[in-house]
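The values are calculated or read from the model by the stated rules, or taken from the named source; none is laboratory data. Because the structure is a prediction, the values reported are computed rather than measured. Here Cβ is always computed from backbone atoms with ideal geometry, including for glycine, and neighbour counts include all displayed protein chains.
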Amino acid sequence: MMIMIKTSLVGSFIGGEIVSLIRETGPVAQAVLVILLFFSVLSWSIILSKWSSLRRARVQSARFLRAFRKAQRLQDVAAVSEQFNPSPLVPVFENGYNELKRQGTRNITAVHRATQIAASEELTRLERRLTWLATTGAITPFIGLFGTVWGIIDAFHGLGNAGAATLRAVAPGISEALITTAAGLFAAIPAVIAYNQFTQRMREFAARMDDFSLELLNMIERGGPGTEGR
C-alpha cells in the first residue's frame, strides 16, 4: 500500500514538473510541442485501428482457409465467402473464381493473373496509412531537436543579456528546451516500432495470399468438382 502511494506521489510530481516546464517554454517551443502532439495522436490512432483490422484479417483468414479446404466444390466456397470478408484471401478467391466462370475452358494462366491482381490490390489496401507511421518516426525527432536548439539559443541569448554566466542561470532555460527533444522521441519510438511490426505482418499476408493462390490453382488443375468454367 505504501509503495503504491509513493509511486502515485512520484508520478504526480513528475507530471507536475513536466506541465510546469511546458508552461514556461517559449512560443516557438510550444508550437513545436503542438505539432508533435498532432503527429503522436494521429500515429496512435493509426496504430490502434491497423492493429485491430490486421487481427480480424488474420483470424478470418484462418477460418476461410479451413472452410476452403473442407469444401467439396468451389461453388460451396463462393456461397459462404462473404462471411469471411475481412480476410484478404476472400478477394483472391473471388477474383480467380469469377475469372474461371467467365472462361469457356480452364485457362490456368488467366486465373493465376486474376488472383495476383486481387492479391496486389489487397496488399495495397492493408498497407494504407503505414507511410504516415514511417514519416512520424523519421521526422518527429528532428522537429523536437529544432525546438531544443531554438530553446537553447533563446536561453543563451537571455544569459548574454543578463550577464550572469553561471550554471544556475542557464540550466532552467536548457531544461525547458530539452522537453521538445523528449516529446519528439515520445512520438517517434511507438511509430517506428509499430511500422516495423506491421511491415512484417504485410510480408506474412503477401506470402499467405501467394500460397493460397497456388492452392486454388492446384484444385482447378486437378479438375475437382465445381472447377468447371461456364
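Criterion applied to A183, A207 was being at pLDDT 90 or above, part of a helix (DSSP H, G or I) and surrounded by 14 or more Cβ atoms within 10 Å (Cβ to Cβ), and the one residue passing it is A183. Taken over the range 64-74, the criterion of being surrounded by 15 or more Cβ atoms within 10 Å (Cβ to Cβ) and either among the acidic types (D, E) or modelled with pLDDT under 90 (or both) is satisfied by A71, L74.
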